[in-house]
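Report on one structure; see the data block that follows.
Every read-out reported here was derived from the displayed coordinates using simple, explicitly stated rules and does not represent laboratory data. Values in this document were obtained by computation on a predicted structure and should not be read as measured data. Cβ: placed from backbone, ideal geometry, glycine included. Neighbour counts: every protein chain shown.
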Amino acid sequence: MGEFVSGEQISRMAGVSRTAIWKDIQHLRADGYKILSQPHAGYRLVGSPDRLIPQELRWNLNTQRIGRAFYAYETTDSTMDVAHRLAAAGEPEGSVVVSEGQSKGRGRLGRNWFSPKGKGIYLSIILRPALQLAEIPFITLMTAVALARAVEAQTGLKPEIKWPNDLLFNGRKFAGILTELNAELNRIHYLVVGIGMNVNVSSSALPAHATSIAQELGERVDRVALARAIFSQMDLAYSQFLEEGVQPTLEGWRTFAGFLGKRIRVVTEGRTVDGQAMDVDSTGALLVRTDHGFIESVSAGEVLVAR
Ligand code: BTN
């Protein structure tokens with residue numbers, strides 16, 4: 001992980017005494033950092049804690065917007081609620097609330113989001129895009145693409161995006177997105193984008209229709225590295241959207257949307273639409289060729305894919 005650095009060198013760089021450095025090293029060890037010390041050679045970092053703490057998340061992160069501030073908790077009710085409180089008090093775009101565990105993690109449609117401590121990634125990002133209300137679903141779609149790219153880059157496994165907000169491996173969900181809005185009729189104040197990901201959750205703790213990345217990969221996943229990859233990919237996709245519009249993200253989305261062309265049923269606002277999944281439009285709405293031959297655009301709902 002690193003080279004040996006002498007205590008003297010560190011104390012010169014930091015401008016503090018060698019005794020102060022020694023104390024800091026003890027604190028870092030207590031925080032879970034593995035640091036070797038050798039007489040005459042100095043100290044060497046050989047392991048970092050598997051914890052989603054600001055100094056770890058920030059390390060080597062070259063983002064423009066996402067991750068400008070981190071609020072990290074050991075446990076909280078829901079990172080969504082914390083992010084809403086911060087945003088209402090004027091927190092700028094790009095701030096992230098992350099928690100090791102949640103006691104009231106929530107999903108879409110009033111469902112719970114199982115959030116065991118230290119096993120997943122549970123975070124909320126504050127965004128303030130200048131969008132029309134009808135364009136908001138695009139943000140969920142963009143987030144799904146960013147998550148899929150981050151997971152693929154870190155693990156080599158290619159997830160599938162199930163419209164609008166689920167990420168799956170072999171038909172089993174391992175991540176979801178919850179986009180909540182604070183707006184007037186025609187003006188968005190802010191968005192909170194919530195991301196929940198089963199990373200190292202063991203399959204025995206999950207229902208049959210769910211999975212985790214570790215379960216699919218067969219080994220533990222570095223949550224800190226994955227979280228950093230999520231911030232980078234979110235930042236890229238969001239910047240690209242602000243500068244170039246929706247097309248690049250839509251193209252990315254199509255490469256992960258395995259259900260395109262398949263027969264689907266969409267349950268939306270109390271009715272069902274049966275047909276073939278065709279594409280998404282620029283607002284993130286799903287286009288379905290119905291059995292009556294029309295193209296219907298569906299902006300919210302739940303997709304069932306026929307076997
Ligand atoms: C879904 O698939 O239904 C969306 C799940 C979103 C869960 C995340 S975990 C972090 C953030 N805090 C919450 O309470 N929910 C979101």
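Structural remarks
- Contact map, the range 117-143: residues that are touching a residue at least 40 places away in the same chain (Cβ under 8 Å) and over 14 Å from VAL192 (Cβ atoms) paired with residues that are within 14 Å of the ligand (Cβ to nearest atom) and among the hydroxyl-bearing types (Ser, Thr, Tyr), Cβ distance under 7 Å, separation 6+ or inter-chain. Pairs shown: LYS117/THR75.
- Taking residues in the range 44-70 that are within 27 Å of GLN9 (Cβ to Cβ) and without any contact (Cβ under 8 Å) to a residue 40 or more places away in the chain, and partners anywhere that are surrounded by 15 or more Cβ atoms within 10 Å (Cβ to Cβ) and among the acidic types (Asp, Glu), the pairs with Cβ atoms closer than 8 Å and at least 6 places apart or on different chains are PRO49/GLU56.
- Residues (more than 8 Å from the ligand (Cβ to nearest atom) and either among the β-branched types (Val, Ile, Thr) or within 17 Å of the chain's Cα centre (by Cα) (or both)) located in the range 85-111: GLU93, GLY94, SER95, VAL96, VAL97, VAL98, GLU100, GLY101
- Test result for ALA153, out of contact with any Ser or Thr (no Cβ under 8 Å at 6 or more places or on another chain), crowded, with 23+ Cβ neighbours inside 10 Å and part of a helix (DSSP H, G or I): no
- Residue ID - farthest from the ligand (Cβ to nearest atom), chosen from residues in the range 112-122 that are aromatic (Phe, Trp, Tyr) and over 22 Å from TYR190 (Cα atoms): PHE114
- Residue match in the range 55-67 (condition: of a type in the set (Phe, Trp, Tyr) and closer than 30 Å to GLY194 by Cβ): yes
- When LEU226, LEU242 are checked against the criterion of being within 16 Å of the ligand (Cβ to nearest atom), among the aliphatic types (A, V, I, L, M) and farther than 23 Å from ASP77 by Cβ, LEU226 stands alone in meeting it.
- Scoring GLU302 on the criteria (1) touching a Ser or Thr at 6+ places or on another chain (Cβ under 8 Å); (2) buried (at least 17 other Cβ atoms within 10 Å of the Cβ) leaves a single failure, condition (2).
- From the options GLY107, GLY94, GLY120, residue that is farther than 24 Å from GLN240 by Cα and crowded, with 20+ Cβ neighbours inside 10 Å: GLY120
- For the range 167-188, residues that are away from the ligand (no atom under 11 Å from the Cβ), touching a strand residue (DSSP E or B) at 6+ places or on another chain (Cβ under 8 Å) and closer than 27 Å to ALA88 by Cβ total 4.
- Odd one out for LYS162, checked against (1) touching a strand residue (DSSP E or B) at 6+ places or on another chain (Cβ under 6 Å); (2) over 23 Å from VAL224 (Cα atoms); (3) surrounded by fewer than 16 Cβ atoms within 10 Å (Cβ to Cβ): (3)
- Looking across the range 123-142 at every residue that is among the polar types (S, T, N, Q) and surrounded by 16 or more Cβ atoms within 10 Å (Cβ to Cβ), the one that is farthest from the ligand (Cβ to nearest atom) is identified as THR140.
- Checking ARG172 against (1) buried (at least 23 other Cβ atoms within 10 Å of the Cβ); (2) more than 11 Å from the chain's Cα centre (by Cα), the condition it does not meet: (1)
- Among the residues making up the range 274-293, those that are surrounded by fewer than 19 Cβ atoms within 10 Å (Cβ to Cβ) and either without any contact (Cβ under 8 Å) to a residue 60 or more places away in the chain or not β-branched (Val, Ile, Thr) (or both) are ASP274, GLN276, MET278, ASP279, ASP281, SER282, LEU287, ARG289, THR290, ASP291, HIS292, GLY293.
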